[in-house]
Structure formats: structure tokens, C-alpha cells
Amino acid sequence: MSRRHLPTLTAMQCFEASARHLSFTRAAAELSLTQSAVSKQVAQLESILEHPLFRRVRKRLQVTPEGSLYLSEVRKILAQVEMSTRYMQSYGGQSEVLHVTTLPTFGARWLIPRLNGFRFRHPNVYLNISNRVEPFDLEEDHVDVAFFFGHGAWPKAECIKLLDEEMVPVCAPGVMPEGGIADPLALTRLVLLQSATRPEAWHDWFAAQGTYTEHSYHGPRFDTFYMSLQAARAGCGVALVPRFLAEEELQAGQLIIPWAFSLTSRDAYYLAYSEHKGEVGKVKGFIEWILERLGESSGTEGSGARTDTLSAADTYRNFWNG
């Protein structure tokens, strides 16, 4: 269908109002149009769709099955247009939107606590943050900054290493047998909680200690580390998670580390931005803010990660300051 044969927003508004009131007259009054104008818009819409949207029964309207199906889609479209319009109106002429993507638990546990105060330094930059776990193209998806876990490479992008990942087992205090455990394999009796994004995690953790168990891949599987942490807190088993993501529960005593062995992951957490966006003020300001917050961290991510972060921050500043 060519663009000239697509229905207008006015036609969709007339249809939606008519379907809600079951009256062209009442729809016209709501939209400040004439009854004939509303009727004409609906007729044009029916012509484009090649389906009747209403039945006229004794001077009253009834929505057809085709009309009910189309009505649900029209309402979604009109709601999205209204939301997008209000979204832009709230920013004003001098404002910019910074589109950021992050991993779900990383965003909730690590990123968001470090955003407090950013608005005061950059009052005209509005953050739009979303979760992404699947690969995507920064340019095609109009993403300014992406936080990801990997090897430190992203097509057509600059990457800055933020921190390493130290995987540790965690469980609720109440599930630990009295007297503790004598070896890592004893954890298999507590149920191994699996992470959908790290299917090899338990196998690698056991292998690093020279042990093997057929239960490495057995157990409930969860989409995010946050869900794994919640399951561990509820006593469902033992989760293998990045230590910095579980720090809140560990400090509160809601979770414990049943076996004191940590495995440093081969990959790490990075920040990525398109090569040509490094000079854009809103992107540059946000990256500098994040690197400053890392430099101020208390070190719960590990001393190695802190050293790498400060080095990355210095490199970034030196690059742009000449």
C-alpha cells in the first residue's frame, strides 16, 4: 500500500470516536467537526480497508467484527501518537534525549544508582533508558550509549571497559546445612539455579576447581540475574551471580556465599557508543559522568576493576582534551 492510500490520523480519530459513542453525531461534537465530515472520514477509511467498519441498524451504529479488530489497533496507534507528542512537548526547544540501553540487572543494580545528580549537571539532557539483551545495531536502533557484557568489541563503535566480573555462589542462610559444606559438589544437593544468559557458568565454576558434576546444567532456569537472586533469597537453591550485583543482599545478610571460591569471567562489562558520536555533547557528558562515578566507587567491584576504570577514564579525557 502506497503512502497516499494510508488512512489519516483524522480518519482514525473519527472512527475511534464513532465506535466509542456508536454515533457519528456525538463523535462530531467531541471532535468539533460536522456529522457529515465524520461520516465521510469513516466511509473513506472503509474504502481504503475494503471492509465495512459499521452496520447501520435502525439509525444506530454497530461495530462489525472487522471494525472491532481494527479498532484495537487504531487505539494503540492513537495512544502512541499522543504519548510521543506529550513526551516531546515536555522537553522544550533546547532539550535533547539521550538513548541508553543496558542489561536488565546491571541497569537496575549498577547503572541507576549512579545516575543521581546527572540531571543537575546536564539539565537539558533527558535520559531514555531501556533493557536490551539481544545483539542490535547502534545506528539502526538510534542508541547513543549501550552497556554490555562481552569481549569489548562492537561493530563501528568505541568501547570502554568498566569492570570485570567475579562470579560467586549465593544462597539464603536457611538452606545451608548445619556445619556448612565440605566441598563445592555439595552445592548440587541444594539445587543449582541456572542463568539463561550464562548456560556454561556452573560448569566453568566447577571446572576451575578441578571438579565435575553432571548436575552443572540441571535446575530451574531464569532469564535475568535479578530473577536468580530473588529465587536464591526465597530459598529455591544456589545462584551463581556476579558478586557486585548481589552486594546489597550480601551486606544485608539476606544471602550468603556458601563456598568461598570466585571465578573471574573471561569477559567484562563495557560501555559502547558509535564512533562518530563521541564528539556529541550529550554523549560525551554522559560518558564522563559514568566514568567519574566509577572512580568514586567504594571498591566493591574489586580493586582490579577500579584500576582499569580509572585508566579508561584518563584515556577518554586525554583523547578529547588533546
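Values in this text are rule-based calculations from the coordinates and carry no lab data. Bear in mind that the values here come from a model prediction, so they are computed numbers and not experimental data. All Cβ positions, glycine included, derive from the backbone under ideal geometry; neighbour counts span all protein chains shown.
Quick notes
- Charge-dipole axis of the chain as Lys and Arg at +1 and Asp and Glu at -1 on Cβ define it, positive-most pick from GLN194, ILE257, GLN62: GLN62
- Modelled FRET efficiency - R0 51 Å, ARG114 with LYS40, Cβ distances, 0.05 increments: 0.40
- Fraction of antiparallel bridges per DSSP, the chain only, in percent to nearest 5: 65
- Each of THR64 and ALA234 was given a label point 7 Å from its Cα along the Cα-to-Cβ line. The distance between the two points is 4.8 nm.
- On Cα atoms only, tilt of 281-296 relative to the major axis of the chain in degrees: 30
- For the chain, lysine pairs with C-alpha atoms less than 27 angstrom apart, excluding pairs fewer than eight positions apart on the same chain, total 8.
- Karplus 3J(HN,Hα) series, Hz, for the range 256-268 with 6.51 cos²θ - 1.76 cosθ + 1.60 (x for Gly, Pro): 10, 9, x, 9, 7, 9, 10, 10, 7, 5, 5, 9, 8
- In the range 33-126, trypsin sites (Lys or Arg not before Pro) in a DSSP loop with at most 12 other beta-carbon atoms within 10 Å: ARG58, LYS59
- Shape parameters for the range 3-89, alpha-carbon atoms, Rg then Dmax in Å: 12.9, 44
- THR85-ALA196 pseudo-label distance in nm [points 7 Å out on the Cα-to-Cβ vector]: 3.7
- Each residue of the range 53-69 was assigned a 3J(HN,Hα) from its phi angle through the Karplus curve 6.51 cos²θ - 1.76 cosθ + 1.60 (θ = phi - 60°); the sequence is 9, 9, 10, 9, 10, 6, 6, 10, 9, 10, 6, 6, x, 5, x, 5, 5 Hz, with glycine and proline shown as x.
- Equivalent ellipsoid, the chain (semi-axes from 5 times Cα gyration tensor eigenvalues, Å): 51, 29, 17
- FRET efficiency estimate (nearest 0.05) - Cβ-Cβ, LEU127 to ALA208, R0 56 angstrom: 0.90
- Values of log10 I(q)/I(0), in the order q = 0.18, 0.24 Å⁻¹, for the range 165-265 under a Debye, Cα-only, solvent-free model: -0.75, -1.46
- Amide H partners (placed H, <5 Å) of VAL125, local residues excluded: GLU96
- Each peptide in 19-27, 42-50 was scored by the mean count of other Cβ atoms within 10 Å over its residues; highest first, the order is 19-27, 42-50.
- If the segment from THR8 to LYS161 were pulled out straight at 0.36 nm per residue, it would be longer than the present Cα-Cα gap by 50.3 nm.
- Using the Karplus relation 6.51 cos²θ - 1.76 cosθ + 1.60 with θ = phi - 60°, the per-residue 3J(HN,Hα) values for the range 12-21 come to 5, 5, 5, 5, 4, 5, 5, 5, 6, 8 Hz, with x marking Gly and Pro.
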